[in-house]
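What follows is one structure encoded as structure tokens, with my remarks underneath.
The numbers here are math on the coordinates, done by the rules we state, and not lab data. Model, not experiment: these values are computed from the prediction. Note that each Cβ is placed from the backbone with ideal geometry, even for glycine, and that neighbours are counted across all protein chains shown.
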Amino acid sequence: MARRRGGVGVVAGVEGIVVAFLNSYANVAHEREAKAILERQWPDIYVVASSEILPVFREFERTSTAVVNAYVQPVVSRYLAHLEDRLSSSGYCRDLLIVQSNGGMLSSRAARNLAVGTILSGPAGGVIAATRIAAESGTRNLIAYDMGGTSLDVSLVLDGEPSTSNGTELDFGVPVMLSMIDIHTLGAGGGSVAAVDPGGILQVGPRSAGAEPGPVCYGRGGTEPTLTDAHVVLGRINPDAPIAHRRSLDVDASRSAIGEHVGQPLGLSIEAAAEAILAVANNRIAGAIRRVSIDRGHDPRDFALFAFGGGGPLMISFLMRELGVDRGIVPVYPGIASAWGCSISNLRRDLVSMVNRRLSDFDTSDLKTRFEAHEEEGMAFVKGEGLALERLVVQHKADLSYEGQTHVIRTPLPSGDLTSEVVEEHFKKAYLRYYGHDEAGFGGLETLLDEIPIIVLNLRTSVIGIRPDIVLKNLIPRPSTSLQDAHLGQRSVYVKDEYLSVPTYARMRLPWGTDLKGPAVLEQSDATVWLDHGISAQVDDGGNLIVSSDQQVDGCVPSLDLMTPDRKPSE
């Protein structure tokens with residue numbers, strides 16, 4: 001059959017073939033044989049066996065994931081080959097490492113075979129950076145959000161470990177079922193278009209102006225106001241020093257667009273319309289943060305907010321106040337935090353095998369044997385990459401559920417000898433932590449659950465090669481300037497229904513240890529930080545901003561000598 005069907009792919013000019021058999025999760029032999037036949041006949045075509053990508057049941061998800069891998073594999077392979085050639089011709093002779101969606105790295109050679117693993121790898125790098133930077137400041141629980149030009153990515157870090165998921169869903173409902181950092185994406189970015197719908201409701205996003213034409217203030221032909229235009233109108237973004245050293249921004253064009261498309265339909269002044277745009281966007285972002293925290297049983301007040309991306313630091317004041325969060329972190333380079341996270345990621349290999357048995361029927365020795373096989377394969381792979389590593393770390397997890405449930409809880413398991421009792425104990429703790437229950441209304445729930453068998457669906461092992469540590473602050477020159485040297489002057493910013501003359505600082509010149517109180521604007525080449533009323537910040541030993549919110553002073557007038565009323569009429 002493989003020989004007869006294979007010719008169709010060649011005639012159609014297909015670059016990849018997927019081999020997916022119904023029960024290959026239980027026996028991979030037939031898929032491997034079919035793949036070998038196809039590769040011998042057509043060595044120039046990429047052939048993917050579904051069991052090599054995802055050796056678990058649910059054949060639709062397994063096949064879909066393999067199809068996505070086959071779809072992107074030719075493109076990724078050509079791109080990486082071209083990149084390696086360019087690097088080599090430029091004199092670079094070290095290894096090329098590629099970040100995966102699980103937050104780990106693979107060599108470019110391995111990444112070619114698991115091309116689907118690069119999906120969402122950029123945002124995953126940002127979460128790795130957030131985790132490392134926050135840990136250095138003593139914070140292990142955080143909500144990280146990355147706001148760029150078109151979208152916002154939100155993720156949760158618990159006890160120093162990024163939350164993970166079993167996969168994601170691409171456009172048109174295409175599932176990709178790989179272990180990855182859990183990232184919730186929202187269509188809210190600097191280019192999100194603001195418009196009043198036929199019902200008279202202001203909407204911001206998910207439609208975006210994109211990079212071309214971009215916000216109206218860019219002067220590239222855009223006519224619809226965006227979130228960036230609102231920041232420019234309110235004075236929070238300096239039109240003469242925009243991000244990435246673009247040319248000056250057209251404030252008048254932004255004012256005209258906001259007035260025409262938002263102000264006039266809603267009967268608002270231009271400034272009030274700009275504030276309304278920010279309020280709608282901020283509330284959408286706050287909703288996304290609640291979905292990854294409150295909806296999963298976590299109180300956001302127990303977390304710190306980590307703001308990065310070119311637009312993230314502009315929103316941190318509102319979000320901290322809206323969510324009741326009293327601590328925030330803005331990294332020293334918010335706009336390139338994801339890139340830095342990629343550079344410090346560790347080598348990682350994830351392995352999974354399916355069990356699908358009751359825990360009570362499970363042979364503990366079989367559990368040990370399977371994990372040992374995973375560990376041996378993972379270590380051989382990581383060591384075979386030939387990279388300098390400080391040590392190896394092995395993590396074991398199991399996908400567990402109560403019988404009859406369709407969703408599993410990925411449960412971390414301790415190292416050492418495992419018994420059924422130990423697995424059950426860790427699962428029940430994870431289950432209650434994830435779902436929780438009201439003691440008053442469901443006091444007998446735990447007793448009821450004790451009567452339901454536990455199902456072991458999959459066993460998972462991660463072998464992580466820890467690379468030599470890179471300390472970011474060692475790469476950053478410590479400012480030798482004073483606070484006065486960092487002060488760029490005053491700027492008129494619209495705050496709480498009036499224009500105020502607000503101090504503006506060059507962030508990279510701020511001495512480490514500096515304390516600031518809002519309102520204030522901090523400018524740098526890759527982002528702008530807005531500190532509102534009741535928000536203060538300290539520059540830590542490394543250049544990161546540790547932001548604090550005083551909920552008791554919301555609405556008061558700060559007593560800063562540098563802040564004076566400077567009203568302007570609305571046009």
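Highest-first packing order for the peptide set 119-125, 403-409 is 119-125, 403-409, based on the mean count of other beta carbon atoms within 10 Å.
So for Leu367, Leu448, Leu83, fewest C-beta neighbours within 10 Å to most, what's the order?
Values: Leu367 22, Leu448 9, Leu83 13.
Final ranking by Cβ density, sparse to dense: Leu448, Leu83, Leu367.
The value of relative contact order for segment 465-504, using C-alpha pairs under 8 Å at least six residues apart, is 28 percent. Cross-link partners of Lys428 among lysines, defined as those whose alpha carbon lies under 26 angstrom from its own and excluding same-chain residues fewer than eight positions apart: Lys368, Lys397. Reducing segment 47-124 and segment 328-364 to their Cα centroids gives an inter-centroid distance of 16 Å. Taking only alpha carbon atoms, segment 192-281 gives an Rg to Rh ratio of 0.95, where Rh is the Kirkwood radius.
Helix content alone sets the calculated 222 nm mean residue ellipticity of the chain: runs of n ≥ 4 DSSP H residues at -39500 (n - 2.57) each, divided across all residues, give -10000 deg cm²/dmol. Looking at segment 77-227, what % of the alpha carbon pairs are farther apart than 28 Å? Cα-Cα pairs in segment 77-227 separated by more than 28 Å: 39 percent. Peptides 130-139, 390-399, ordered by how many other C-beta atoms sit within 10 Å of their residues on average, highest first, read 130-139, 390-399. The distance separating the Cα centre of segment 408-431 from that of segment 233-299 comes to 46 Å. Taking a ≥ b ≥ c as the square roots of the eigenvalues of the Cα gyration tensor, segment 396-548 is classed as prolate, since a/c reaches at least 1.5 and a/b is larger than b/c.
Once you have a ≥ b ≥ c as the square roots of the Cα gyration tensor eigenvalues for segment 177-219, tell me rounded if a/c is under 1.5, and otherwise prolate or oblate according to whether a/b is larger than b/c.
Working: a/c = 3.93, a/b = 1.56, b/c = 2.51.
Oblate, since a/c reaches 1.5 and b/c is not below a/b.
Put in line by how crowded their Cβ is, counting other Cβ atoms within 10 Å and starting with the fewest, Phe371, Phe172, Phe362, Phe303 read Phe172, Phe362, Phe371, Phe303. Restricting the calculation to Cα atoms, the chain shows an Rg/Rh of 1.01 when the hydrodynamic-style radius is the Kirkwood one.
Could you please tell me the mean projected area of the C-alpha convex hull for segment 2-94, averaged over all directions and given in square nanometres to one decimal? Can you show the working numbers first?
Numbers: hull surface 29.2 nm².
Projected area, direction-averaged: 7.3 nm².
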